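The values are calculated or read from the model by the stated rules, or taken from the named source; none is laboratory data. All values reported here derive from a predicted model rather than from experimental measurement. Don't worry about glycine lacking a Cβ; one is built from the backbone with ideal geometry, like all the others, and counts go over all protein chains shown. Ligands, DNA and RNA are stripped out before the accessible areas are found, and what is left, the full protein with its side chains, is counted by its heavy atoms. Shrake-Rupley method; radii C 1.70, N 1.55, O 1.52, S 1.80 Å.
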Amino acid sequence: MTLKHFLFRTFAIAAMGAAALFAPASQAQGAGQQYATLNPAQPSDTPDKIEVLEFFAYSCPHCAAIQPLVEKWAKTLPANVVLRQVPVAFNASMADLQKLYYSLEALDRLDLNDAVFKAIHSDHQRIFEAKAITDWVVSKGVDRAKFTAVFNSFGITSKTQRANELTKTYNIEGTPSIAVGGQYVVSPSMTGSYQGTIDVAQERLNTLLKK
């Protein structure tokens, strides 16, 4: 699928609101239920912590819209819960955006995370491929040589491979999707709203915290 096709599909979903339901085959969702249950449950990559995973794509307008809510929610999570963002690449044309996220993380520059969403969705900058991405990051004050070295490193490749494994394991077919404790998956298409997604994810998290 081309990026143009993906973006078209994404904006079409936005126009339809919450009508489209992404229901992974590995998840069971009852009628009227606002979350899916994973079967089997998945282990945490973070020892001794409940893991919350937000599967997202920089090119997804829904992800841009929910980002401020996710950031606000993250600040309320207890010490035994960790929230990790997982950049998704549904096709090869999205792979460089995955590498962008992990490169910013490695350089301790995730303060630019919101700026990436703004550049793509508000400023309509086409920062989808390595050269354009690098030029944009450099314009934000990041050293070109340092960013390029990290962007093309084995470590970043390994992280994107793990992200792809998680996307496949959780059978994520749409973004944003939030996985809670390896047991539940919630998305705006299930809850009907962005805040509703956060609320249901918190409810599921509360059930795990009580165990």
Quick check on the stretch 106-117: of everything there that is on the phi < 0 side of the Ramachandran plot and without any contact (Cβ under 8 Å) to a residue 24 or more places away in the chain, which residue is surrounded by the fewest Cβ atoms within 10 Å (Cβ to Cβ)?
ASP111
Could you grab me the full set of residues in the stretch 187-210 that are closer than 17 Å to VAL81 by Cβ and among the hydrophobic types (A, V, I, L, M, F, W, C)?
ILE198, VAL200, ALA201, LEU205, LEU208, LEU209
So which residues in the stretch 98-122 are within 21 Å of PHE154 (Cβ to Cβ) and out of contact with any Leu (no Cβ under 7 Å at 6 or more places or on another chain)?
GLN98, LYS99, LEU100, TYR101, TYR102, SER103, GLU105, ALA106, LEU107, ASP108, ARG109
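Would you point out which residue out of GLU165, GLU173 is open to solvent by 40 Å² or more (accessible area, probe 1.4 Å) and touching a residue at least 12 places away in the same chain (Cβ under 8 Å)? If you could, list the steps in order and put the result at the bottom.
Numbers: GLU165 fails: touching a residue at least 12 places away in the same chain (Cβ under 8 Å).
None of the others qualify; the one that does is GLU173.
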Could you check, for the stretch 129-144, whether at least one of its residues is surrounded by fewer than 18 Cβ atoms within 10 Å (Cβ to Cβ), within 24 Å of ILE178 (Cα to Cα) and without any contact (Cβ under 8 Å) to a residue 24 or more places away in the chain?
no
Does SER189 count as of a type in the set (S, T, N, Q), within 28 Å of GLN42 (Cα to Cα) and buried (at least 20 other Cβ atoms within 10 Å of the Cβ)?
yes
Kindly list, by first and then second residue, each pair from a residue in the stretch 84-95 that is touching a residue at least 60 places away in the same chain (Cβ under 8 Å) to a residue that is of a type in the set (S, T, N, Q) and open to solvent by less than 40 Å² (accessible area, probe 1.4 Å), limited to pairs with Cβ atoms under 6 Å and residues at least 6 apart or on different chains.
PRO87/GLN98; VAL88/THR167; VAL88/THR175; ALA89/GLN98
Among helices (runs of 4 or more DSSP H) entirely within the stretch 96-191, at least 2 residues that are under 26 Å from ALA74 (Cα atoms) and under 13 Å from the mean Cα position of the chain (by Cα) occur in 113-121, 154-169
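Anything in the stretch 47-62 that is at pLDDT 90 or above, out of contact with any Gly (no Cβ under 9 Å at 6 or more places or on another chain) and open to solvent by 30 Å² or more (accessible area, probe 1.4 Å)? List them, or say none.
Answer for the stretch 47-62, where residues must be at pLDDT 90 or above, out of contact with any Gly (no Cβ under 9 Å at 6 or more places or on another chain) and open to solvent by 30 Å² or more (accessible area, probe 1.4 Å): ASP48, LYS49.
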Just wondering, is there one or more residues in the stretch 67-83 that are in a loop (DSSP other than H, G, I, E, B), in contact (Cβ under 8 Å) with a residue 40 or more places away in the chain, under 20 Å from PHE154 (Cβ atoms) and open to solvent by 10 Å² or more (accessible area, probe 1.4 Å)?
no
